[in-house]
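Have a look at the structure below, then the notes.
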C-alpha cells in the first residue's frame, strides 16, 4: 500500500515547522513518529498535500524536572520515556505506560506528542496523562498557550489545536512517592486496549471507554469520601459510553473497567 | 526528492518520490530483498530493519525519514567472508524457522532486543519479540535461538 502523492518537508526547529504550517494551513500535516499517520495515509484515509517531518526537532526531545513537576518534550519517543531515569522517579506511571505501547519497533519511532494530538480513545498515554492532571503546551503564530489535558480531548481524533499549532511540551505535576497502577486488557500482545486503566494516587484514567479518554469521576469521588477500593471500583463505568464491537460489546467493557480499576487502584495503594 | 541512506555501510543515493516507503527503497532501489513485506500494516514485523542500530518497521517509515541515517538489513549482518552473525547461526542451530518468511524480521528485531537486554530470560525474549509474527513455529525454537545467541544455556 502506497500513500497518495504529497510533498515532504523537513523541519529541524519549531519555528521552521510553524512557518511551513503558516504557509500551507489545512493542507499540511505534521509527521512525528508516523505510526498513526502513515498507516492512515497508506489506507488513503488521510491524504495531506504537505507532510512536515518534525521528528528531527532535537529541541523537543527531553525530560526535565523543575519546581512544578516534569516537562516532557513532545518529540520524546516511547522508548526514551520508558528508560528515562528522571521520568521514572517523578512520573513513574508515564514511564511504565510508555513501555507498554505497541511493540519494541513501534516504541523506537512513536512519540508522546504524536500520541496526544492523534487523540485516539484507545491509546494508552492520553489516559495516563489525563489521570496525571497533565497540561499540554502548544505553540502557534500567536505564541504559546497551555491547555489542561482535561480540556484537550474533545472527541475521537479531535482536539482544540488549530491547524497552525504544534504541541511542544507535556507538563506533569510531580508524582514522586505516589503509588500507581496500569492495567491493559488486549486480545493479542500488540493490540490496542479493549479497556485500559491508568491510576496514580487516587486519580483514575480510562482507556477506550468513550470517544475520548475519561476520568473515572464517580470512583474518584467515592474514594475521597472514604469508600474502599472494591466499593469505588464498582462505580468505574458510571458516565462512560464504551464502543460496541463484536468481540467487545459495551457491557463487557463496563465489566472490564470495574475489574481493571480495582486492580490498578490496589497497585496504586502501595506508595512508590 | 534525493534520498541518501547508508545501507549496510554503503551509501545509496537516489531520486525517489516523496511518498516512497523505506521498505520499497531497500528492496527496489537498493536491491536488497531479504527485508520482506508481510502485512504492510505495522503488525507482523517481517519488514523490521535497524535504523541507527534500533529496530523499526520499514513499511511504516518513509525513505525520506531515513535520509542521512544508517540502515542495517539482514544482508548487512553477514560478514564479507560469509561468516554468519551469532543470531543467524543460532536460528539455524535451534531450527528457529520453518518457511523462513518472518526470519529476517525476527533476527533484526532480536539484534535490537539483545542490544537493549544482552541476557534476556525466555519470557523477556517473548515480550521483546511481541511485534513479530511467525505462523509456522509456535515461537518456541525462535526463543531458544535468541537465548543461544545471547550466550546463555538453552533450557528447553
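Looking across segment A:37-82, the residues that are surrounded by fewer than 16 Cβ atoms within 10 Å (Cβ to Cβ) and touching a helix residue (DSSP H, G or I) at 6+ places or on another chain (Cβ under 8 Å) come down to A:47, A:49, A:59, A:64. From the list A:261, A:240, the one residue that fits, being part of a helix (DSSP H, G or I) and either within 21 Å of the chain's Cα centre (by Cα) or buried (at least 20 other Cβ atoms within 10 Å of the Cβ) (or both), is A:261.
Test residue A:98 against the stated conditions and say whether it is in contact with a helix residue (DSSP H, G or I) (Cβ under 8 Å, 6 or more places away or on another chain) and crowded, with 19+ Cβ neighbours inside 10 Å. Outline the logic, then answer.
Details: in contact with a helix residue (DSSP H, G or I) (Cβ under 8 Å, 6 or more places away or on another chain): yes; crowded, with 19+ Cβ neighbours inside 10 Å: yes.
Here the answer is yes, as residue A:98 does meet what is asked.
Can residue A:133 be described as in contact with a helix residue (DSSP H, G or I) (Cβ under 9 Å, 6 or more places away or on another chain), surrounded by fewer than 23 Cβ atoms within 10 Å (Cβ to Cβ) and within 16 Å of residue A:38 (Cβ to Cβ)? Give the steps one after another, and end with the answer.
Numbers: in contact with a helix residue (DSSP H, G or I) (Cβ under 9 Å, 6 or more places away or on another chain): yes; surrounded by fewer than 23 Cβ atoms within 10 Å (Cβ to Cβ): yes; within 16 Å of residue A:38 (Cβ to Cβ): no.
Taking the combined requirement at face value, the residue does not satisfy it.
Reported count of residues in segment B:80-120, each being buried (at least 22 other Cβ atoms within 10 Å of the Cβ) and either over 10 Å from the mean Cα position of the chain (by Cα) or away from chain A (no Cβ under 14 Å) (or both), is 6.
Which fully enclosed strands (runs of 3 or more DSSP E) of segment A:175-219 have 3 or more residues being closer than 26 Å to residue B:129 by Cβ? Reasoning before the result, please.
Working: elements: A:180-185, A:195-200, A:203-207.
Filter on segment A:175-219 gives A:180-185, A:195-200.
Return the pairs, sorted by first residue and then second, in which the second residue is outside any helix (DSSP H, G or I) and surrounded by fewer than 23 Cβ atoms within 10 Å (Cβ to Cβ), the first residue lies in segment B:125-137 and is more than 9 Å from chain A (Cβ to nearest Cβ), the beta carbons are less than 6 Å apart, and the residues are 6+ apart or on different chains. Hits for this filter: B:136/B:98; B:136/B:99; B:137/B:98.
In the set (1) over 17 Å from residue A:184 (Cα atoms); (2) in contact (Cβ under 8 Å) with a residue 12 or more places away in the chain, residue A:209 fails one condition alone, (1).
One line per residue, one yes/no per condition, for (1) within 12 Å of chain A (Cβ to nearest Cβ); (2) in contact (Cβ under 8 Å) with a residue 40 or more places away in the chain; (3) within 21 Å of residue B:110 (Cα to Cα):
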residue: B:13; (1), (2), (3): no, no, no
residue: B:24; (1), (2), (3): yes, no, no
residue: B:44; (1), (2), (3): yes, yes, yes
residue: B:65; (1), (2), (3): yes, yes, no
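Screening A:32, A:4 for residues that are in contact with a helix residue (DSSP H, G or I) (Cβ under 8 Å, 6 or more places away or on another chain) and farther than 21 Å from residue A:140 by Cα leaves exactly one candidate, A:4.
Looking only at segment A:249-272, count every residue that is in contact with a strand residue (DSSP E or B) (Cβ under 8 Å, 6 or more places away or on another chain) and modelled with pLDDT of 95 or more and tell me the total. Give the derivation first.
Within segment A:249-272, the subset in contact with a strand residue (DSSP E or B) (Cβ under 8 Å, 6 or more places away or on another chain) is A:253, A:256-257, A:260-261, A:263-268, A:272.
Still in the list and also modelled with pLDDT of 95 or more: A:253, A:256-257, A:260-261, A:263-268.
Looking only at that region, the number is 11.
Only strands (runs of 3 or more DSSP E) whose full extent lies in segment A:1-120 are considered here, and the ones with at least 1 residues that are more than 21 Å from the chain's Cα centre (by Cα) and within 11 Å of chain B (Cβ to nearest Cβ) are A:7-10, A:50-53.
The values are calculated or read from the model by the stated rules, or taken from the named source; none is laboratory data. It should be emphasised that the depicted structure is a prediction, and the values quoted were computed from it without experimental measurement. As a convention, Cβ positions derive from the backbone with ideal geometry for all residues, glycine included, and neighbour counts pool all protein chains shown.
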